[in-house]
Amino acid sequence: MPEITSNKQRLTIRIGRNSMSFSQVAENEKDVIYEPYVIKSGVSMAANLREAFKTADLLLDPPARVRVVLDSDVLMVPVELFDEKDIDKMYSHTFPKKEQDIVCYNVLPDLNAVAVFAMNKDLRLVIDDHFKDVKVITAISPVWRHLHQRSYTGTRHKLYGYFHEKRLDIFSFQQNRFKFCNTFEASRANDSLYFLLYVWKQLRLQPEYDELHIVGEIPEKEWLQAELKKFLQNAYIINPSADFNRHAITEIKGMPYDLQTLYIKGR
């Protein structure tokens, strides 16, 4: 089994809209300890994290280094148009930016893009109070990088859909750039079907030749795949176990595909 591409001295905190988990590479440097945390509704994520430091096993004696993985709204900017001093203005034009948010960004050099996203200030203060070395990344970035590499296999154009937190990220690549990248609310399977087929048509992909690959927390998986097959000859659901050569991490119950990808493939 290949070693996990992470440092065992770094804790990972993954924070979604309504979810939180803690994980860390085990002593053998092959396995990962994964600890989901039950969020209290009606309480801020910062308050939930403060409470977690009292009860979560991985937070009772954490290392000094942490990687925060945020599943939040992302603005994609071509690298040649990116200017750090303009990121607040650009982000607030795209998403309703709250006063208590700070804007962050990750450079994606292999995709010639910059991912811009927001983090709650109180949440960042809680993290800074407990860790000396903090790195913040957007949750979907390892998925983009991994599926970008997969897109080079074969000669057919590929469209990808990643389901997470009741949202659907749809994206496609052309060489070392995004050809398409957008996020849709997708708690219902029929909505997801519409969005996938609409983007497919928008990109003028060929239903008898090109490929659609979906992965993640897919609503009504069997129904959705059957409906896609009515329109597309090559519609597939990615099996993480097969995708990652039956890596043990893919057997961890409840671990999101983006976190699996981060540990196995890196950022």
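Things to note:
- Of the residues in the stretch 212-223, at least one is farther than 17 Å from H164 by Cβ and open to solvent by less than 10 Å² (accessible area, probe 1.4 Å).
- Per-region count, the stretch 137-163, residues over 14 Å from H213 (Cα atoms), part of a helix (DSSP H, G or I) and open to solvent by 10 Å² or more (accessible area, probe 1.4 Å): 1
- Any hit, the stretch 35-47, residues being under 30 Å from Q149 (Cα atoms) and open to solvent by less than 80 Å² (accessible area, probe 1.4 Å): yes
- In the stretch 36-54, the residues that are in contact (Cβ under 8 Å) with a residue 24 or more places away in the chain form Cβ pairs under 7 Å with partners that are open to solvent by less than 60 Å² (accessible area, probe 1.4 Å) and part of a helix (DSSP H, G or I), at six or more places apart or across chains, as follows: M45/L123; A46/L123; A46/V126; L49/L123; L49/V126; R50/V126; A52/L59; F53/L59.
- In the condition set (1) closer than 23 Å to Y263 by Cα; (2) of a type in the set (S, T, N, Q); (3) open to solvent by 30 Å² or more (accessible area, probe 1.4 Å); (4) within 23 Å of the chain's Cα centre (by Cα), N28 is compliant with all but (4).
- In the stretch 232-267, the qualifying residues are those that are among the acidic types (D, E) and under 19 Å from Y160 (Cβ atoms), and the one that is least open to solvent (accessible area, probe 1.4 Å) is D258.
- Filtered residue count, the stretch 77-108, keeping only those that are open to solvent by 50 Å² or more (accessible area, probe 1.4 Å) and either polar (S, T, N, Q) or under 17 Å from the mean Cα position of the chain (by Cα) (or both): 5
The values are calculated or read from the model by the stated rules, or taken from the named source; none is laboratory data. All values derive from a computational prediction rather than experimental measurement. Glycine also receives a Cβ, built like all others from the backbone with ideal geometry; neighbour counts cover every protein chain displayed. Just the protein is used for accessible areas: all its heavy atoms, side chains included, with ligands, DNA and RNA removed. Shrake-Rupley method; radii C 1.70, N 1.55, O 1.52, S 1.80 Å.
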